[in-house]
Ligand SMILES: Cc1cc2nc3c(=O)[nH]c(=O)nc-3n(C[C@H](O)[C@H](O)[C@H](O)COP(=O)(O)OP(=O)(O)OC[C@H]3O[C@@H](n4cnc5c(N)ncnc54)[C@H](O)[C@@H]3O)c2cc1C
């Protein structure tokens with residue numbers, strides 16, 4: 001699959017599968033299994049996997065366009081896809097000892113039959129996902145893990161979970177290891193419902209692991225090497241992907257607002273809203289300027305990821321922090337401009353507004369990213 005084919009297939013899925021159901025799935029908090037099936041059938045679940053395991057071997061540029069296109073139609077599905085790509089990247093980067101055991105799973109992903117996700121955040125360390133409180137215990141060649149994972153996108157729907165836990169003999173708070181835990185493993189259970197303000201259709205529920213047995217072949221990193229994998233494998237794609245979810249939401253907000261300003265009328269004046277009020281046109285213009293600014297920032301990040309250089313990590317940190325703010329600002333403006341029609345849920349705008357608030361909360365949160373950026377500018381250690 002080429003970049004253009006991937007984007008065109010995504011557009012079709014967004015139009016045919018996501019858009020018609022996004023509002024209803026949001027209302028009822030229903031996870032879109034048909035969206036995952038469509039993504040699997042079209043080959044998009046294996047987007048970044050090597051061709052040897054049935055993937056398309058595509059890079060961050062295509063990933064960015066796919067996520068953005070999905071988010072424009074339904075940000076919940078875009079986040080499900082994003083977490084899947086991160087889970088897949090973590091499995092694909094498995095240490096040599098794990099390659100034989102995980103290859104059949106990578107082939108299943110390449111064939112579009114396996115959804116993965118990340119289970120990093122823990123109830124005790126909250127947004128500080130780099131410091132799990134759970135600790136894997138030796139169990140023969142493998143380990144068993146007991147943990148309270150506080151939010152897991154696609155919980156109960158994914159076929160596998162990439163789980164972080166402190167290494168059995170780890171000394172410090174970031175001496176974690178990544179493990180692959182497949183759905184159906186004894187001791188793995190949903191620990192509650194998902195009823196969020198936004199991204200209501202992505203099943204980001206808590207899960208518990210109760211003495212889950214993980215064979216040595218499913219230990220994805222060396223003991224204590226989970227933290228570098230989080231920073232090098234997960235963080236760049238996660239920050240890029242969340243920025244693209246934000247961009248999709250902003251584009252949908254601009255389009256929805258423009259449509260409302262064209263179609264809603266002041267009948268007593270014989271004019272459309274946008275035709276009548278320059279202040280609304282000015283706010284719409286600001287939304288467009290901010291959206292295009294975010295798009296340019298994402299393009300710059302993609303370029304930095306394609307050709308890594310000194311600025312790359314700074315751009316990775318900046319992009320998610322900035323995108324979270326832009327998405328909240330643009331969708332808030334859309335709520336104001338569309339007035340009562342948005343407030344009373346006659347338009348999709350309020351879903352976009354609620355969904356836009358997730359990005360800044362998801363770890364590393366916008367506040368934490370600012371901490372990292374400030375510290376790095378001052379030459380201070382980040383952890
Ligand atoms: C929709 C959604 C899906 C998610 N999916 C997943 C998933 O698939 N896998 C997963 O592992 N996790 C997932 N998460 C969890 C997410 O990444 C965060 O861990 C979680 O949102 C933490 O929330 P909290 O309010 O408990 O964090 P808290 O740590 O309690 O943060 C509270 C506030 O303190 C601020 N803060 C915290 N630390 C600092 C600091 N050092 N400096 C400055 N300010 C700070 C935060 O910015 C925030 O404003 C998801 C979350 C959401 C909302």
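Values in this text are rule-based calculations from the coordinates and carry no lab data. Please read these numbers as outputs of a predicted model, since none were measured by experiment. Here the Cβ positions follow ideal geometry from the backbone for every residue, glycine too, while neighbour counts run over all protein chains shown.
List of remarks:
- Each of 62, 279 was scored by other Cβ atoms within 10 Å of its Cβ. Listed from fewest to most, they are 279, 62.
- DSSP bridge pairs, the chain: antiparallel proportion in percent, nearest 5: 85 percent
- Principal axis box of segment 279-341, alpha-carbon based, largest edge first, Å: 47, 16, 14
- Translational diffusion coefficient of segment 112-210 (Stokes-Einstein, Kirkwood radius from Cα pairs, 20 °C, 1.002 mPa s): 156 µm²/s.
- With bins 5 Å wide beginning at 0, the percent of Cα pairs of segment 239-312 falling in each bin runs 3, 15, 19, 16, 13, 10, 9, 6, 4, 3, 1, 1.
- Once divided by 2.2 N^0.38 Å, the Cα radius of gyration of the chain becomes 1.00.
- The C-alpha atoms of the chain define a longest principal axis, and helix 235-263 lies at about 20 degrees to it.
- Acute angle (nearest 10 degrees) that the helix 278-306 long axis makes with the longest principal axis of the chain, alpha-carbon atoms: 30 degrees
- Between segment 10-68 and segment 282-313, the Cα center-to-center distance that results, in Å: 23 Å
- Helix-only CD estimate at 222 nm, as mean residue ellipticity for the chain, using -39500 (n - 2.57) per DSSP H run (n ≥ 4): -16000 deg cm²/dmol
- Pairs of C-alpha atoms in segment 238-377 farther apart than 26 Å represent 31 percent of all such pairs.
- Each of 290, 303 was scored by other Cβ atoms within 10 Å of its Cβ. Listed from fewest to most, they are 303, 290.
- Surface/4 estimate of mean projected area, convex hull on alpha-carbon atoms of segment 1-130, nm²: 8.8 nm²
- Segment 59-157: equivalent-ellipsoid semi-axes (sqrt of 5 x gyration tensor eigenvalues, Cα, Å): 26, 20, 11
- Most fluctuating residue given options 74, 355, 223, as computed from a GNM of the chain linking Cα atoms under 10 Å: 223
- For segment 123-172 versus segment 203-245, the gap between their alpha-carbon centres in whole angstrom: 9 Å
- Across the chain, Cα pairs under 8 Å and at least six residues apart give a relative contact order of 17 percent.
- Degrees between helix 99-110 axis and first principal axis of the chain (Cα, 0 to 90, nearest 10): 20 degrees
- Within the listed set 172, 156, 270, the Gaussian network model of the chain (springs between alpha-carbon atoms below 10 Å) gives the highest mean-square fluctuation for 270.
- Computed packing ranks the peptides 43-54, 13-24, 313-324 as 313-324, 43-54, 13-24, most packed first, by mean other Cβ atoms within 10 Å.
- Per-residue Cβ neighbour counts within 10 Å put 127, 32 in the sequence 127, 32, beginning with the fewest.
- Under a Gaussian network description of the chain, with springs only between Cα atoms under 10 Å, the residue in 203, 258, 94 that fluctuates furthest is 258.
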